[in-house]
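Structure, as structure tokens:
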Amino acid sequence: MDGDRGQLTVEDIFARLAERLPGYEARPQQLELALLIERAFATQSVGIFEAGTGTGKSLAALIPALLSGKKVVVSTNTISLQEQYINKDIPALKEILPFDFEAALMKGRGNYLGLRRWQDHLLEQEMDDRLVDWVHTTEYGDISELEFVPHWETWNEINSDSDDCLRNKCPQFNDCFYFEARKRAENADLLVVNHALLLADAASYGNILPAYDLLIVDEAHHLPEVATDAFGLSISNRGLRALASKATKRVQAPLSIVRELEYEAEQFFHKLSMDCTAQKTRIRYAVDGASDLALSLENLKIWLEEQEFETLLDVGQARERAKLKARALISTTNAYINCLNLLANPNPNWVVWVERGDISATRIQVLAAPLDVAPFIQEFIFEKTHLQSSVWMSATLATVGDDPFGFFKKTCGVEGHVIQNKVASPFDYARQSLLYLPRNLPEPNHQDFVVQSADEIERILDISDGRAFVLFTSRYALTTVFHMLNERLAFPSKKQGDMPRKKLIEWFVATPNAVLFGTSSFWEGVSIDGDKLSCVIIDRIPFQVPDDPVHEARCDVLKAKPDASWFNDLSLPHATMRLKQGVGRLIRTHKDTGIVAILDSRLTSKRYGRQILECLPPMTIIRSLSGMSSFEDKLRQLDSDPLFDSSEGKSLLTRQSDIEQWSTR
């Protein structure tokens, strides 16, 4: 960075934004969050912050980070938020800051084109002309630049791959897109990555990203889930067939070793498919055959480790390339052996399960995940060399309990001094939105719930004039209700799966009075402001599905502890965070108005339901649609009511009697 930042304050920068950035609105909540983050950085503390929708948390984090003059990494979970940082927030700061800084976006290696692999592939078969044109014109070699999706097998053959990388011995090294991206990352003051890459770098002890001083984790509520995947293990019948094929074709492994491996793999997966007939089967005991298959993999690994490939003619660096391929096969083999060892010798700290891709078991996979990712996050991130301070933020981190961040801190292994706070949204939810909690619907597990909820959804959509997301916790419920209502609705409607997610959102925005039926991928990461989206309907509290082996195993651990509760300590906080995400689709700007309807009667009939309500934005609760022609009329009526005080907010939601009393308005 250039220039003198010593005399600049966070307040100075926000004042510049207000003066020089068209359309920028000064928000006290944004400044409050920025000062909290500055304090966390200055004291080298961990900062945990829930910032309500509309706070502007990205700029609130970037400004104190850039003023620090230190190397900063920002990690997000979604591509859309990465693009917001790179294409909107960072360019805005470049315009108004009185000093220079460099920013870069870094993706996983597989996102970049490998020029040598591309040229090798061209010799073998014809390529799509669109791909050829792109290769000749691309500046960054990033797959996201393409306006079409190449076949995954083709991309896997031409992308940048560490298994086949000659580094500075490669004739294309000086033009390599991946290493150019790494150079930009090295030179950047601010580096934007995703959670998967952040954890991959952490697990590799910093072999992917350059060393950094400050870490900003946005969409932090996703990190434990991404960590569960990142630190997990797996082995599949297809993976083993691919390993055997690569060992034969790439390094000419002895046929006897490969045949033995193929035989043991076939026997093992055949028995597994006979024993595990459900789509997901949790494995609780040692599995026969796992040790035999692991031994076959050990034999291949030993052979690979011993090879110097001296019999190869060293033309075109053939020996070096063979060694790299062998090293990559060893890495894969090690991971498979570790997974099989968990099958042969169950570890109480891991959960192992089998997944079938189809009824015929042509695809069958064994997966293993750590029951507790907190030690991994603690070791690989919080204790990372050079890291001075980290900030974790999201619109949905706080849950029920004395410490609203207790669940998140426990899940991520946060210990010691923490600066934490809930920064309120600048939106006036009580005046901008209604929360409809219908009376007289049965509980979601009742046999009549689907039919009655479909009728209620139709009633709500008539009042909202469409313009709605209808969100479900399961694909089965979505499909069932959609088929019941599709012909009855007076509005254009589509369901998740009718077209790609991005296209569905474009259709929704372009279609007047549209209704979109969706599941998990539409609960977050979608921001539609204005009156295109004026209604969000949620069928039930999003508790985790009972067939999730990781959730089941974590519940079992808590059930065995006399001072713990699997429901209060795990299921309830998780469902609360998820529900907050779904509710958050509605109000995205100061001008938005609308209605959220949650059809789950447990929100008012159960104590834990009322606890969940405490965590939602302070919307105006209604219990009946009787006499309502539009929700806009209802909001205008409340706005003109001299007795209505939106500043009361949460105090109106603290007891069931309050809910009942207030609903009579």
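Some observations on this one:
- Of everything listed in (1) over 30 Å from A468 (Cβ atoms); (2) surrounded by 18 or more Cβ atoms within 10 Å (Cβ to Cβ); (3) touching a Lys or Arg at 6+ places or on another chain (Cβ under 6 Å), the single unmet condition for G357 is (2).
- Evaluation of F380 against (1) within 16 Å of A247 (Cα to Cα); (2) part of a helix (DSSP H, G or I) (one fails), failing number: (1)
- Count of the stretch 395-405 residues, restricted to those that are touching a helix residue (DSSP H, G or I) at 6+ places or on another chain (Cβ under 8 Å) and more than 24 Å from L586 (Cβ to Cβ), is 2.
- Conditions (1) surrounded by 14 or more Cβ atoms within 10 Å (Cβ to Cβ); (2) within 24 Å of K606 (Cα to Cα): number failed by E458: (2)
- Filter pass, I257 being more than 29 Å from the chain's Cα centre (by Cα) and of a type outside the set (G, A, S): yes
- The lone exception for A286 - which of (1) touching a strand residue (DSSP E or B) at 6+ places or on another chain (Cβ under 9 Å); (2) surrounded by fewer than 13 Cβ atoms within 10 Å (Cβ to Cβ) it fails: (1)
Residue-wise test of (1) more than 12 Å from V536 (Cβ to Cβ); (2) in the same structural domain as F407 (by TED's automatic domain parsing); (3) not in a helix (DSSP H, G or I).
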{"site": "K591", "(1), (2), (3)": "yes, no, yes"}
{"site": "A597", "(1), (2), (3)": "no, no, yes"}
{"site": "Y608", "(1), (2), (3)": "yes, no, no"}
{"site": "I612", "(1), (2), (3)": "yes, no, no"}
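- Flag if L570 is of a type in the set (A, V, I, L, M), not in a loop (DSSP other than H, G, I, E, B) and not assigned by TED's automatic domain parsing to the domain that holds Q279: yes
- Checking L113 against (1) free of Cβ contacts under 8 Å to residues at least 24 places away in the same chain; (2) within 26 Å of the chain's Cα centre (by Cα); (3) not assigned by TED's automatic domain parsing to the domain that holds N194, the condition it does not meet: (1)
- Scanning the stretch 386-434 for residues that are farther than 16 Å from M577 by Cα and of a type in the set (K, R) turns up just one, R431.
- Qualifying residue in the stretch 28-39 (condition: surrounded by 13 or more Cβ atoms within 10 Å (Cβ to Cβ) and modelled with pLDDT under 90): no
- Qualifying position, being over 30 Å from R319 (Cβ atoms), surrounded by 14 or more Cβ atoms within 10 Å (Cβ to Cβ) and modelled with pLDDT under 80, among P210, P150: P150
- Selection within the stretch 535-564 - part of a helix (DSSP H, G or I), aliphatic (A, V, I, L, M) and touching a strand residue (DSSP E or B) at 6+ places or on another chain (Cβ under 7 Å): V550, A553
- Inter-residue pairs, beta-carbon under 7 Å, first among the β-branched types (V, I, T) and in the stretch 553-574, second assigned to a helix (DSSP H, G or I) and surrounded by 15 or more Cβ atoms within 10 Å (Cβ to Cβ), 6+ apart: none
- Matching entry among G52, G47, G69 (being in the same structural domain as H417 (by TED's automatic domain parsing), within 30 Å of K502 (Cβ to Cβ) and not hydrophobic (A, V, I, L, M, F, W, C)): G52
- Under the condition of being more than 16 Å from D189 (Cα to Cα) and touching a Lys or Arg at 6+ places or on another chain (Cβ under 7 Å), the residues counted in the stretch 56-94 number 1.
The values are calculated or read from the model by the stated rules, or taken from the named source; none is laboratory data. Owing to the predicted nature of the structure, the values given are computational and were not obtained by experimental measurement. All Cβ positions, glycine included, derive from the backbone under ideal geometry; neighbour counts span all protein chains shown.
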